[in-house]
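Enquirer: Would you mind keeping the following structure in view while I ask a few things?
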Amino acid sequence: MSDLVTGDAVVLGLRPARLPSRALAILLDLAVYVTVYVLLTVGLTLATASLDPAAQAAVGVAGFLLLLVGIPIAVETLSHGRSLGKLACGLRVVRDDGGPIRFRHALVRGALGVVELLLTFGTVAAIASLVSARGRRLGDVFAGTLVVRERVPGARVMPVPPPPPWLAGRFTQLDLSAVPDGLWLAIRQYLTRMNQLDPQVGAAMAARLADDLVARTGAPPPAGVPAAAFLMAVVHERQSRDAARAFRAAAAASPVAPVPSSHVTPAPVAPAAPVPSPYVTPAPVAPAAPAAPVEVPRAGGFAPPA
């Protein structure tokens, strides 16, 4: 893998294409270009049959340069480094910083490709690709480009084994903010491959990783807990925290759907009695006068509040 650094100081992990895949892509491109060139030559020969031999030779040279030099340059420029052969092989031409190529990159590659690919039948390009650490031919070196693989087989991610049940929830108060990502990656790689290691080597690696984890968390090592079980429990705790944080973020981002009013019948609510404020001094209550007889009105159709 090639560690290319962009202008923003970002390291790109790209896989340079090697000689077999590049040779196959070039052969596919040449097969297409030669087929089109033969058909175009036959058409030009029939169209220029009435011209003199010098004019026919000039048209033939122009057609050769246009089809075997100009067309590849135009294809790489317009497709940003993906010709038909590279598209079939999963390759792409990029700049040294990982960005897409432009016309000047394709022009330099195409001009030198005539010499190292066509005139020498690919010998110079094969030798330069074998000598280069990143498989670059001379056109790539002078143009500042690199052919990389776009389709990389994905690696199977092995799950981390669960911790013993008696360790569940034991490290909920552990501070994991100071543990770097590199240490998490090393612990995960060990836990997913510990059954493939020698028992003594695996035990030594588990003890070393557990010591590093204890030093990062600042908590004393748990008594009576094996190092591998301790690593499993801490990784499980971190995964649980990440899952809970992601669930809370998703719940906060999702809007709450309003309940349609036609499906809910509001229940009658009794009027609440006024509650005296604790900050207001109640006024003195005068003695109640004897109640006068009240005439009971006739019913008006409204039920009193319950």
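Enquirer: Could you calculate the FRET efficiency of residue 36 with residue 15 from 1/(1 + (r/R0)^6), where r is the beta carbon distance between them and R0 is 25 Å, rounded to 0.05?
Expert: 0.20
Enquirer: If R₀ is 51 angstrom, what is the calculated FRET efficiency for the pair residue 160 and residue 103, using the beta carbon separation as r and rounding to 0.05?
Expert: 0.55
Enquirer: According to the square roots a ≥ b ≥ c of the eigenvalues of the Cα gyration tensor, what is the shape class of the stretch 63-133, taking rounded for a/c under 1.5, prolate for a/b larger than b/c otherwise, and oblate for the remainder?
Expert: oblate
Enquirer: Which FRET efficiency, nearest 0.05, do residue 208 and residue 84 yield, Cβ-Cβ r, R0 45 Å?
Expert: 0.30
Enquirer: Moving on to the next point. What list of ³J(HN,Hα) couplings, whole Hz, do you get for the stretch 161-173 from phi and the Karplus terms 6.51, -1.76, 1.60, once you set θ to phi - 60° and write x for glycine and proline?
Expert: x, x, x, x, x, 6, 9, 5, x, 7, 10, 5, 9
Enquirer: Would you mind checking the stretch 78-102 for residues with the amide N under 11 Å from a putative spin-label position 7 Å along Cα→C-beta of residue 150?
Expert: 79-94
Enquirer: I would also like to ask the following. Under 17 Å from the 7 Å Cα→Cβ point of residue 241, by amide nitrogen: which residues of the stretch 164-179?
Expert: Answer for the stretch 164-179: 168-179.
Enquirer: Here's another thing I want to ask about it. Under the Karplus relation 6.51 cos²θ - 1.76 cosθ + 1.60, θ = phi - 60°, what is the ordered set of whole-Hz ³J(HN,Hα) values for the stretch 187-201, x standing for Gly and Pro?
Expert: 5, 5, 5, 5, 5, 7, 10, 5, 6, 8, 8, 5, x, 5, 5
Laboratory data are not the source of any read-out in this text; all were calculated from the coordinates shown. Just so it is clear, the model here is predicted, and its values are computed rather than measured. Heads up, the Cβs are rebuilt from the backbone with ideal geometry, glycines too, and the neighbour counts pull from every protein chain shown.
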